[in-house]
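S.K.: My questions will all concern the structure given below.
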Amino acid sequence: MKYIIYGILVFLTFGCEKTNENVITSFGGQIINPKTDYVLFLKDEKILDTILLDKNNRFLKEIPSLQEGLYTFKHGTEFQYVYLEPSDSILVRLNTWDFDHSLVFSGKGSAKNELLITLFLQNEKEERMMYRNFNLEENAFQAKIDSISKERFAIYHDFFQNEVSVSKGFIKLTNTAIQFPLYRLKEVYPYYHKGFFDLKGIEKVSEKFYNYRHKISLNEKDLVSFYPYQNYVVSYLYNISYQLKEKDSTKNDITVNLLNAINEHITAGDFKNSLLKRIIVSDLLKSESICQINEEALNVFLTNCTNKEYVEQVSNLVKDCTKIPKEGPLHNFDVISYNSVPLKINEVIKNKNAVIYFWSTAYISTDYLANRIKYLEKKYPDLLFVGINMQNPPQNLTADTYLKLMDINKQYTLSKDSYAHNYLSSNYPRTIIINDEGIVKNGFINLDSKRLDLELINLALNN
């Protein structure tokens with residue numbers, strides 16, 4: 001196999017350049033245990049191409065006149081980055097059972113991508129460790145940050161000693177990958193330090209703690225789709241929003257503060273719209289009970305978001321979550337079992353305390369879904385958990401490794417004209433809790449909500 005791959009790489013590296021007037025860049029690879037039959041290829045979160053897998057689960061894309069930069073490839077609900085320069089010929093190999101840790105790059109241009117994935121995995125490990133250190137005082141916490149930074153830059157310098165030609169764009173990206181996750185930890189430090197000691201107010205830090213802020217921009221258009229950068233920006237905005245709440249008693253709504261901070265500090269249009277949507281959707285989804293609408297936050301979003309698609313999606317979510325009134329009967333709707341039998345939802349849940357969860361792999365990974373439902377079913381054996389696949393066409397349960405763990409007899413899809421589509425226009429997942437008399441106890445809650453356990457305990461007790 002390694003000789004076949006080497007042969008392909010030689011052909012892509014030399015053959016294409018000789019026979020094409022424009023320089024050809026190639027990206028491909030092999031997916032072990034694929035979730036779907038395609039790989040998405042994206043730039044700045046916009047899909048450039050859908051690349052089909054062949055019978056051996058391999059894929060290949062050739063790109064003429066490529067613009068150097070950071071790209072994304074996505075398979076199922078998982079994604080990872082690839083940095084491409086003209087004439088690169090990169091192959092990836094990964095196993096979906098352990099997407100990031102199994103990822104291997106080969107071919108021309110692979111060394112820089114191996115560095116990126118090394119830094120990604122290093123950060124993942126170190127960040128978990130650093131969360132144990134939020135009890136430290138400012139100077140001790142800074143010492144931990146400095147130690148990690150030194151280790152990361154050692155990896156960085158080793159790479160550049162062996163690489164003769166490295167572009168300015170890639171240098172900028174690797175510096176972001178090294179430093180911005182550490183900057184993010186410093187932004188969240190006051191809040192987590194407060195929580196660790198159960199303090200009344202946010203911990204005050206010295207001005208020098210945030211010295212790095214003077215040398216960074218929140219509007220780097222070539223970095224806004226890069227998660228280390230994006231996550232830092234969000235953490236910074238959260239930090240100043242919490243600080244504002246601490247200083248001004250009239251500014252006690254964090255979501256409103258955050259939306260206003262985005263509007264004030266973010267000028268890159270697409271990035272700004274994306275953040276505004278991310279925050280307002282999070283606020284709506286965490287409402288956890290009959291979708292209580294934060295009218296002030298919603299107005300700030302609608303006033304400042306210029307993306308019509310986002311505005312429509314959020315407006316649909318607002319309508320969706322108010323469609324099922326609490327303490328009333330659930331409007332009956334059509335479902336289809338996985339052996340193609342048409343049923344009514346009230347037949348499925350008749351005389352049972354039930355949890356109906358609508359799901360889609362666009363928003364939830366199948367491994368999380370399967371593990372979460374298995375856990376809940378074990379914890380609440382007297383409750384009926386009914387899954388409704390919102391996807392069209394529906395996800396194949398028998399083909400997915402994780403979904404095979406679920407009881408297919410408790411999984412359904414929706415008919416084309418099912419009434420349930422009336423409150424699924426935003427396509428966001430939702431969970432409905434119904435007692436054995438068919439009365440809705442909660443019409444809008446998420447499977448990962450902190451309030452879910454309390455709701456299910458009450459349901460089990462038939463309250």
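S.K.: In which sequence would 428, 238 go, from the one with the fewest C-beta neighbours within 10 Å to the one with the most?
M.R.: Numbers: 428 21, 238 18.
Ascending Cβ contact count within 10 Å gives the list 238, 428.
S.K.: Over all directions, how big on average is the projection of the convex hull of the alpha-carbon atoms in region 165-239, in square nanometres? Walk me through the numbers on the way to the answer.
M.R.: Values: hull surface 22.8 nm².
Averaged projected hull area, Cα only: 5.7 nm².
S.K.: Evaluate 2.2 N^0.38 Å with N set to the residue count of the chain, then give the Cα radius of gyration divided by it.
M.R.: Details: Rg = 24.7 Å, N = 463, 2.2 N^0.38 = 22.7 Å.
Scaled against compact globular proteins, the figure is 1.09.
S.K.: While we're on this one: Of the peptides 352-362, 248-258, how do they stack up when ordered by the mean number of other Cβ atoms within 10 Å, highest first?
M.R.: Packing proxy ranking, top to bottom: 352-362, 248-258.
S.K.: If you don't mind, another one. When a footprinting reagent is the concern and you count Cβ atoms within 10 Å, what order do 26, 87 take, fewest first?
M.R.: So the residues, fewest neighbours to most, are 87, 26.
S.K.: Could you check what % of the DSSP bridge pairs in region 327-460 are antiparallel, to the nearest 5?
M.R.: Numbers: 15 of 24 bridges.
Approximately 60 percent, going by the DSSP bridge assignments.
S.K.: Rounded, prolate or oblate, given the Cα gyration tensor of region 15-86, with a/c below 1.5 counting as rounded? The partial results should precede the final answer.
M.R.: Working: a/c = 2.57, a/b = 1.42, b/c = 1.81.
In terms of gyration-tensor shape, oblate.
S.K.: For n ≥ 4 DSSP H runs only, could you compute -39500 (n - 2.57) per run for the chain, divide by its residues and tell me the 222 nm figure to the nearest 500?
M.R.: On the way: 13 runs with 190 residues, N = 463.
It lands at -13500 deg cm²/dmol.
S.K.: Continuing with this model, one more query. Compute the signed sum of charges (Lys and Arg +1, Asp and Glu -1) over the other residues within less than 10 Å, Cβ to Cβ, of residue 307. Provide the component values of the computation, followed by the final result.
M.R.: Values: positive: 272, 277, 308; negative: 270, 309, 312.
Once positives and negatives cancel, what remains is 0.
S.K.: Moving on. Could you tell me whether region 117-196 comes out rounded, prolate or oblate from its Cα gyration tensor? Rule is a ≥ b ≥ c as square roots of the eigenvalues, rounded for a/c under 1.5, then prolate if a/b exceeds b/c, otherwise oblate.
M.R.: Numbers: a/c = 2.71, a/b = 2.46, b/c = 1.10.
Prolate is the answer for region 117-196, as a/c is 1.5 or above and a/b outweighs b/c.
S.K.: Please identify every one of the trypsin sites (Lys or Arg not before Pro) in region 50-139 that sits in a loop by DSSP and has no more than 11 other beta carbons within 10 Å of its own beta carbon. Don't skip to the end; give the middle numbers.
M.R.: Details: sites: 55, 58, 61, 74, 93, 108, 112, 125, 128, 132; in loops: 55.
Those satisfying the criteria are 55.
S.K.: Rounded, prolate or oblate for region 327-460? Axes are the square roots of the Cα gyration tensor eigenvalues, ordered a ≥ b ≥ c, and the cut-off for rounded is a/c under 1.5. Write out the running numbers ahead of the final one.
M.R.: Numbers: a/c = 1.42, a/b = 1.11, b/c = 1.28.
Rounded, because the longest to shortest axis ratio a/c is under 1.5.
S.K.: What whole-number distance in Å separates the alpha-carbon centres of region 28-75 and region 304-339?
M.R.: Region 28-75 and region 304-339 have Cα centres separated by 32 Å.
S.K.: Along the three principal axes, how long is region 225-296 when you take its alpha carbons, biggest first, rounded to the nearest angstrom?
M.R.: Dimensions of region 225-296 along the principal axes of its Cα atoms: 34, 30, 19 Å.
S.K.: Quick one: 152, 430, fewest Cβ neighbours within 10 Å first, how do they rank? Before the final figure, lay out each step's value.
M.R.: On the way: 152 21, 430 25.
Listed from fewest to most nearby Cβ atoms, that is 152, 430.
S.K.: Do me a favour and compute the ellipsoid semi-axes for region 105-161 from its Cα gyration tensor, root of five times each eigenvalue, largest one first, whole Å. Kindly include the intermediate steps, with their values, before the conclusion.
M.R.: Values: eigenvalues 163, 33, 4 Å².
Equivalent ellipsoid of region 105-161: 29, 13, 5 Å, largest first.
S.K.: In the chain, what percentage of the DSSP-assigned beta bridges are antiparallel, given to the nearest 5? Intermediate values should be presented prior to the final figure.
M.R.: Working: 43 of 59 bridges.
The antiparallel proportion sits near 75 percent.
Any read-out appearing in this document is the output of simple, stated calculations on the displayed coordinates, not a laboratory observation. A quick note: this is a predicted structure, and the numbers were derived from the prediction, not measured. Backbone-built Cβ (ideal geometry, glycine too); neighbour counts: all protein chains shown.
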